[in-house]
Amino acid sequence: MKNNLLHPFRVVLALIILIAVVTLQSCVNSGPPTDLTKEVLIPKPVSVTATGAAFGLSNTTIIYVADGNAQLNQVANQLAAELTKSTGFVNKVETTTSIPAKGSIYLVTDSNDTSLGTEGYELTITEELVTIKAATPAGVFYGVQTLLQLVPLVSTEDLSKAESNKLRLAAGTIRDTPTYGWRGSMLDVARHFFSVEDIKLYIDYISAYKMNVLHLHLSDDQGWRIEIKSWPNLAKHGGTTQVGGGKGGFYTQEQYKEIVAYAQSKFVTIVPEIDMPSHINAALASYGVLNNPNTKFPKDGQYVGPLETEGIGDSKNRPTDLYTGQEVGWSTMSLSKPATLKFVNDVIRELAEITPGPYIHIGGDEAHVTPKEEYIEFINEFSKIVKANGKQMIGWEEIAQANIDENATIQYWHSADYAKMAAAKGAKAILSPSTRIYLDMQYDSTSRIGLHWAAYIEVDDSYNWDPTTQVEGLAKEKILGVEAPLWSETVVTMKDIEYLLFPRLPGIAEIAWSPAEGRSWDEYKMRLASHGPRMTAKGIDFYKSTRVPWVE
Ligand code: TNX
């Protein structure tokens, strides 16, 4: 009896040791494999199935790219860089012609399989392999953004011993594709200037939630932000200030190209906007030949009527003063000035030359002092000029009044009538409802920055709406997608940007990407709550809305 290996005591002891070892092992591997269907993902994928197994991600995991495709290679390197930031791992990127060995990540495109559209992806996680397959590199990029949200958060303490760690990724399959092709945000760099580095970070933020458009509001009354070589004073003089009187700034064409290239690497299209015929004081201040008596320069926030120096303005081509206030709609160009259309032609030509994306945004909003007939003529002219430069015109909803057709896109911000008028003329719409997704609106009356003319927008308000029901009578086929503008009258620093973007941006991205069926704030707020630590890990000091039960 004494030496019997099956003595009950020994069996129990062996079992206890086994359990201890297994428990210890899974602790090292950051917890037991979880259920992929329970993982927190924003935007929510179309379909998720789980197998219950797990993949062990480690420092030695190699990221394989299926072919020599440069874009795919870039995505693989971005993945490696993000993993280094979040886990401390330094994963190699290699090219392969066959399915890679156990323990690898495999990125592959198959242009024949269009079952998930041009931006969809399939992410398959088994014990052996993580595979992201898509018809295009963009699809693979979106699969990578999903994968990154599945990598367990590692504390800084764990980071130092990362090499010995294996992080477990729950196994299963995610098949995913966007609902809308237009998933964007706008940054107003005119009211306050933001550096190239700030814009790159903005692109990182939006693209992590699978947004694919960054609209840059490059000019307004307070500042002209893009170098135009044929009209150099626009940037040189028009770019020298901003709201509140700071020093402003502008992008050289080289810097703009750098922004465009960075955006391309993250599958984001840059849409440049030159706001005309109103919101144009920075240009009128730079070139007197553009100025005209219809512009009503505000003093101390008050409109003071036609140029006080009436007569001087026209005959001597006196430029306006630079403007650092926050009034809107008081400036205008005039078609009676011979220089005006030459200016528009030159600006759009130069902008089109440095913009690979198919769109030019001509503004067109709040032209309160432009006579209506002249406004319509202006938009018709812009439309011809944009087309002549091989681009498609986008304008704020007011352009619906002009002779627009299916080549134009309007950006809805508050008027259902304009949206429907545009649709009747064949144009499509981007939805930017100001009461829902104007990111410059305060959360509530205590928000430290932001405006509230449209609404106070708490995080649930920005989530609880749907594009197909937002504008009554606007057919779904007319809706290109969703774009959340961040106007910057009160936004000065990157911290300010982060405070207004987060936590609203992820939910807006979800509205643009995920199917609407079954969507509910109650379900989403729990995901957002769990997502909080990921925003914190990225160094984002987000607004801690009391409507979300944040996870520490
Ligand atoms: C309205 S809505 C504007 C901008 C302002 C913004 C402030 C629209 C097309 N134009 O000029 O910056 O409100 O929220």
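Evaluating residue 433 against the criteria (1) surrounded by 19 or more Cβ atoms within 10 Å (Cβ to Cβ); (2) more than 16 Å from the ligand (Cβ to nearest atom); (3) within 24 Å of residue 398 (Cβ to Cβ) leaves one unmet condition, (2).
Only residues that are touching a residue at least 40 places away in the same chain (Cβ under 8 Å) and open to solvent by 20 Å² or more (accessible area, probe 1.4 Å): list them for region 68-87, please.
Let us first name the residues in region 68-87 that are touching a residue at least 40 places away in the same chain (Cβ under 8 Å), namely 69, 71-72, 74-75, 78-79, 82-83, 86-87.
Correct list: 69, 71, 74, 78, 82, 86.
So if I check each of 373, 366, which one is at pLDDT 95 or above, within 14 Å of the ligand (Cβ to nearest atom) and farther than 14 Å from residue 485 by Cα? Steps first, answer last, please.
Values: 373 fails: within 14 Å of the ligand (Cβ to nearest atom).
Only one candidate passes the filter, namely 366.
Could you please find all residues in region 377-418 being among the hydrophobic types (A, V, I, L, M, F, W, C), under 24 Å from residue 342 (Cα atoms) and open to solvent by 30 Å² or more (accessible area, probe 1.4 Å)? If the condition is that a residue be among the hydrophobic types (A, V, I, L, M, F, W, C), under 24 Å from residue 342 (Cα atoms) and open to solvent by 30 Å² or more (accessible area, probe 1.4 Å), then 388 is the only one that fits. Screening residue 453 against (1) over 17 Å from residue 364 (Cα atoms); (2) within 13 Å of the ligand (Cβ to nearest atom); (3) touching a His at 6+ places or on another chain (Cβ under 9 Å) leaves a single unmet condition, (3). Within region 487-498, being within 16 Å of the ligand (Cβ to nearest atom) and among the hydroxyl-bearing types (Ser, Thr, Tyr) holds for 488, 490.
Considering 245, 238, 223, which residue is among the small types (Gly, Ala, Ser) and open to solvent by 10 Å² or more (accessible area, probe 1.4 Å)?
Working: 238 fails: open to solvent by 10 Å² or more (accessible area, probe 1.4 Å); 223 fails: open to solvent by 10 Å² or more (accessible area, probe 1.4 Å).
Criteria check complete, one pass: 245.
Identify the residue in region 466-486 that is open to solvent by 20 Å² or more (accessible area, probe 1.4 Å) and assigned to a loop (DSSP other than H, G, I, E, B) and, among all such residues, is farthest from the ligand (Cβ to nearest atom).
475
The values are calculated or read from the model by the stated rules, or taken from the named source; none is laboratory data. Quick caveat, the model's predicted, so the values are computed rather than measured. Every residue, glycine as well, gets a Cβ built from its backbone with ideal geometry; the counts of neighbours run over all protein chains shown. Side chains are part of the model used for accessible areas, which takes the heavy atoms of the whole protein and leaves out ligands, DNA and RNA. Shrake-Rupley method; radii C 1.70, N 1.55, O 1.52, S 1.80 Å.
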